[in-house]
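The structure appears right after this line, and notes come after that.
The values are calculated or read from the model by the stated rules, or taken from the named source; none is laboratory data. Being a predicted model, the structure only gives us computed values, none of them experimental. Cβ coordinates were reconstructed from backbone atoms using ideal geometry, including for glycine residues, and neighbour counts include every protein chain displayed.
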Amino acid sequence: MNHTGKIDQDDVLRARNALLGTGRRTAREEVDAYRVLAQVGPASYLPLLVRALHRLSYDTSTGTKHAACLALYEEAVTAARSIDPAEPTRAEVLYRALDACQSELYIQGRSAEGLAMRAEMLAIGRARAELSGDPVVKGLREWAAGLAEEGRYAEAADAMTELVSALLPDGPHQGSLAWSLLDWIGALHDAGRADEALAAFGRLVSMEADEAAHDRGPMACHLYSLIGYALMLDTYGRGAQATLVRQEALALLTELADTGERKVWSGYQSSFWAVLLSFSCTESDRPAPGEPRLDSGAAPMPWSPDARRRYVDGRHALREAVDSLAVRAMENPDEDLAELVRLQRAFTIRSALHWEHRTHQFAERVRPLFDDGVGLARRLFQHAPADGARALAGALIDRSTFHVAAHEFGAALDDFRQALSHLQETH
C-alpha cells in the first residue's frame with residue numbers, strides 16, 4: 001500500500017481476497033486487510049479494524065501479549081476516533097478501545113495518560129446516559145479509582161457519591177451494590193468526610209442485614225460489615241456505638257457457630273472479607289515512598305494494574321522489615337515491639353488480599369500469618385498491658401474473621417469472645 005494519499009486498488013483487491021479466502025486467517029492478516037479496507041469503507045471496516053487490533057494484541061493460545069500491544073491499542077483508539085460520530089456504534093467501539101489502552105498505559109506506569117483516557121471514557125458514558133435517560137454513568141467507578149490513586153480524594157468521593165446515588169434506587173441487585181458501597185465508604189473516609197462515611201457504612205450494614213435475614217445474602221457478609229463498621233466508629237471516636245455494634249456481631253457469630261450458613265453460597269463472601277480487612281489496615285499500613293496510596297476499602301479490581309502490582313509486591317519489603325525488626329524487638333521491646341505488631345499486620349493483610357482469590361491455596365498460605373499476628377500481639381500485651389490490650393483484641397478479631405472466611409465458625413467465635421474480653425466488652 002502506498003502512502004501518497006491515493007488508494008492502491010491492487011491492495012484493496014488483495015485485502016478483499018484475504019478476507020474472502022476459505023483458509024484460516026491469522027490476526028496479523030486480518031489487521032493488514034482491514035487497514036486497507038478502512039480507507040475505502042470506513043463505516044464498515046473501522047470497527048472491524050479496532051476488533052482485529054485487539055485480537056492481535058493478545059495471543060489466547062499462549063496467554064501472552066504482543067510485544068507492541070500498546071502501539072496496537074493506540075492504533076485502535078485512533079481508528080475508533082475516526083469513526084463518523086453519526087455512526088450509532090461509535091461510542092461503544094471507542095469506549096472499549098480506550099478501556100484497553102488505558103489499562104496498558106497504567107501497566108507501563110503512564111498513569112497520567114491512562115487517567116486522561118478514563119476521562120474520555122467518562123465523557124462517553126455521560127453522553128450515553130443523557131441520551132438513554134439511564135442515571136448510571138458508565139466509567140464513573142474507574143474514574144473515581146484513578147482520582148484516588150492520584151490523591152484527589154475529594155473528587156473521588158464526589159464521583160462515587162454520584163454513582164451510588166444512581167445505583168441505590170435499584171436495590172442490592174444480587175449483591176453488586178455492596179461493592180460500590182465499599183468503594184464509596186473508602187472514598188468518603190479518605191476525603192475526611194467522617195459523618196458521610198459513617199452514614200454510608202450504616203447503609204451497608206442495614207442492607208447486608210436485610211439480605212441475610214431474607215436468605216438473599218450470606219450471614220458472613222453481614223458479620224464482616226458489622227465488624228468493619230465498629231472499627232470505623234472507633235476510628236472516629238464513637239466508642240460507645242462501636243461496642244453496641246460488636247455485640248450485634250457477637251450474636252450473629254454465635255448463630256453461625258451454632259447453625260452455620262442457612263444456605264450454600266458462592267465464594268464471593270471471602271472477597272468481601274478481604275476488602276473490609278484491607279480497610280481495617282489503612283491507618284497502620286503506611287505505604288513506603290513510591291508505593292501507591294490506594295483508596296481505603298476499595299476492592300482491588302478497580303485499581304490500576306500498576307498500582308495493584310506495586311501494592312502486592314510491597315509485601316516483600318514488608319516481610320524483610322518484619323524479619324529485621326523481630327530481632328531488635330527481642331532485645332528492645334519497649335521501642336520495637338509495637339512497631340513489629342503493626343508491620344506484621346500490614347504484611348498479613350496484603351498477603352490475604354493477594355491469596356484470597358487463589359482459593360486452593362488461600363487458607364494454608366495466610367493462616368500462619370494470622371497466628372503470628374496474634375502471638376506478637378500477646379507478647380505486646382504481656383509486656384505492656386495498657387497499650388497491648390487493644391492491639392491483641394484487633395489481632396484476635398482479624399483472625400476471627402479469617403476463621404469465618406475459612407468456614408471455621410467455632411474457632412472464630414472463640415477468638416471474637418477473647419477479643420471482647422480484652423476490650424472489656426463482655427457481659
Of the candidates 45, 73, 34, the one satisfying the condition of being free of Cβ contacts under 8 Å to residues at least 12 places away in the same chain, surrounded by 15 or more Cβ atoms within 10 Å (Cβ to Cβ) and in a helix (DSSP H, G or I) is 45
Go through the residues of region 98-110 one by one and say whether even a single one is at pLDDT 95 or above, over 27 Å from residue 137 (Cα atoms) and within 28 Å of the chain's Cα centre (by Cα).
no
Restricting to region 210-224, name every residue that is over 17 Å from residue 409 (Cβ atoms) and touching a Leu at 6+ places or on another chain (Cβ under 8 Å).
none
Pairs where the first residue, in region 199-224, is touching a residue at least 60 places away in the same chain (Cβ under 8 Å) and the second is of a type in the set (Phe, Trp, Tyr), C-beta under 7 Å, 6+ apart:
224/272; 224/273
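Yes or no, residue by residue, for (1) free of Cβ contacts under 8 Å to residues at least 60 places away in the same chain; (2) under 29 Å from residue 266 (Cβ atoms):
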site: 353; (1), (2): no, yes
site: 361; (1), (2): yes, yes
site: 371; (1), (2): yes, yes
site: 383; (1), (2): yes, no
site: 390; (1), (2): yes, no
Residue hits (region 219-247; touching a Phe, Trp or Tyr at 6+ places or on another chain (Cβ under 7 Å) and surrounded by fewer than 21 Cβ atoms within 10 Å (Cβ to Cβ)) are none
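Give the residue, chosen from 359, 401, 348, that is among the polar types (S, T, N, Q), at pLDDT 95 or above and in the same structural domain as residue 317 (by TED's automatic domain parsing).
401
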Restricted to region 145-200, and to residues that are surrounded by fewer than 18 Cβ atoms within 10 Å (Cβ to Cβ) and under 19 Å from residue 222 (Cβ atoms), which residue is modelled with the highest pLDDT?
199
Of the residues 122, 163, only one is touching a residue at least 24 places away in the same chain (Cβ under 8 Å), assigned to a helix (DSSP H, G or I) and touching a Leu at 6+ places or on another chain (Cβ under 7 Å); which?
163
